[in-house]
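The values are calculated or read from the model by the stated rules, or taken from the named source; none is laboratory data. What you see is a predicted model, and the numbers here were worked out from it, not measured in a lab. Using ideal geometry, Cβ is built from the backbone for each residue, glycine included, and neighbour counts are taken over all protein chains shown.
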Amino acid sequence: MTPADLHLTAAASRKGSLILVNRDHPLREELIPDLVPLTGGWPDQHLDRTAARMLAAAIRAVHGEGQILPVSGWRSQEEQQAIWDGSLTDHGPDFTARYVARPGCSEHQTGLAVDLALSADKIDFIRPEFPYDGVCGAFRRVAARYGFVERYTEEKQDKTGIAAEPWHFRYVGVPHAAILTDAGICLEEYPAFLREAPRVVRLENGRRVQVRYLPFCGTGTTRPAPGPCWQLSGTNEGGFILTVWEGQP
């Protein structure tokens, strides 16, 4: 066994950049992501290190600095609880159930989700304005190129259990964002989609990436590394997603 082996364990199945976090798949324990401060938005906002770098690159690509503002990134369990309680008090249970995830069921607790707003004098923290035209529309058109997907869309409400949130974006990584976008599916549908067959995507630089689903049998197993460049992420629903980059970068 080498450090490069794939370790398929129960703990690993609940961690990674592709974990599903919702009311049916809550976090079993509070995550400790590798966070960095977000710049150009509201103060004291943090995001996963890779997600933050790619978000900044996407905003730069559409010349959105100063116009596209990150207003909510990583949240602790305590912060999510406070937002939930505050929304119940201010807006009532129906609104809260539609727009606020229960503590432990929020993607914001992974450090991989961010709420974006179009710059304005007043910004609604719960439902920031992020329209489909102008610089915000331009951001959407390049989002998948930088590994982001618009997480909660109107047509997928029955799958996500969350009302449409045009402002909420989730970092999943470049190959996965491309697959999800091209297939027109949401993250809840991704494991079943990959169980049908492995998927191959060709990146803009011409490099091929193969993505496959690995089930978790309930006991820890170890597999040899599939090559020199790969990534394994749990799904938090009982399996793993293995991503293998073919050839040299």
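Laid out as a table, the results:
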{"item": "Pair list, Cβ < 9 Å and 6+ apart or interchain, from region 191-209 residues that are closer than 11 Å to T243 by Cα to residues that are part of a loop (DSSP other than H, G, I, E, B)", "result": "V200/E246; R208/E246; R208/G247; V209/L203; V209/E246"}
{"item": "Residue match in region 83-93 (condition: closer than 14 Å to H168 by Cβ, crowded, with 18+ Cβ neighbours inside 10 Å and not charged (D, E, K, R))", "result": "yes"}
{"item": "Out of L35, L6, L88, sole residue that is among the aliphatic types (A, V, I, L, M) and not assigned by TED's automatic domain parsing to the domain that holds R140", "result": "L6"}
{"item": "Residue selected from region 219-247 under the condition part of a loop (DSSP other than H, G, I, E, B) and free of Cβ contacts under 8 Å to residues at least 40 places away in the same chain, by the criterion surrounded by the most Cβ atoms within 10 Å (Cβ to Cβ)", "result": "C229"}
{"item": "In region 152-194, the residues that are buried (at least 22 other Cβ atoms within 10 Å of the Cβ), assigned to a helix (DSSP H, G or I) and among the charged types (D, E, K, R)", "result": "none"}
{"item": "Residue within region 75-94 that is touching a Ser or Thr at 6+ places or on another chain (Cβ under 8 Å), part of a loop (DSSP other than H, G, I, E, B) and at pLDDT 95 or above present", "result": "yes"}
{"item": "Residues within region 1-32 that are of a type in the set (S, T, Y) and closer than 13 Å to L242 by Cβ, tallied", "result": "2"}
{"item": "Residue list for region 37-55, restricted to those being surrounded by fewer than 18 Cβ atoms within 10 Å (Cβ to Cβ) and either in a helix (DSSP H, G or I) or in contact with an Asp or Glu (Cβ under 9 Å, 6 or more places away or on another chain) (or both)", "result": "P37, G40, R49, T50, R53"}
{"item": "Pair list, Cβ < 9 Å and 6+ apart or interchain, from region 31-45 residues that are within 24 Å of C105 (Cβ to Cβ) to residues that are outside any loop (DSSP other than H, G, I, E, B) and charged (D, E, K, R)", "result": "L31/R14; P33/D48; P33/R49; D34/D48; D34/R49; L35/D48; L35/R49"}
{"item": "Odd one out for K122, checked against (1) without any contact (Cβ under 8 Å) to a residue 12 or more places away in the chain; (2) assigned to a strand (DSSP E or B); (3) not small (G, A, S)", "result": "(2)"}
{"item": "Whichever residue in region 6-36 is part of a loop (DSSP other than H, G, I, E, B) and among the hydroxyl-bearing types (S, T, Y) and, among such residues, is farthest from I179 (Cα to Cα)", "result": "T9"}
{"item": "Answer residue from region 131-151, given it is in contact (Cβ under 8 Å) with a residue 24 or more places away in the chain and part of a strand (DSSP E or B) and is surrounded by the most Cβ atoms within 10 Å (Cβ to Cβ) among those", "result": "F148"}
{"item": "Hits in region 102-129 (condition: within 23 Å of E188 (Cα to Cα), hydrophobic (A, V, I, L, M, F, W, C) and modelled with pLDDT of 95 or more)", "result": "C105, L112, A113, V114, L116"}
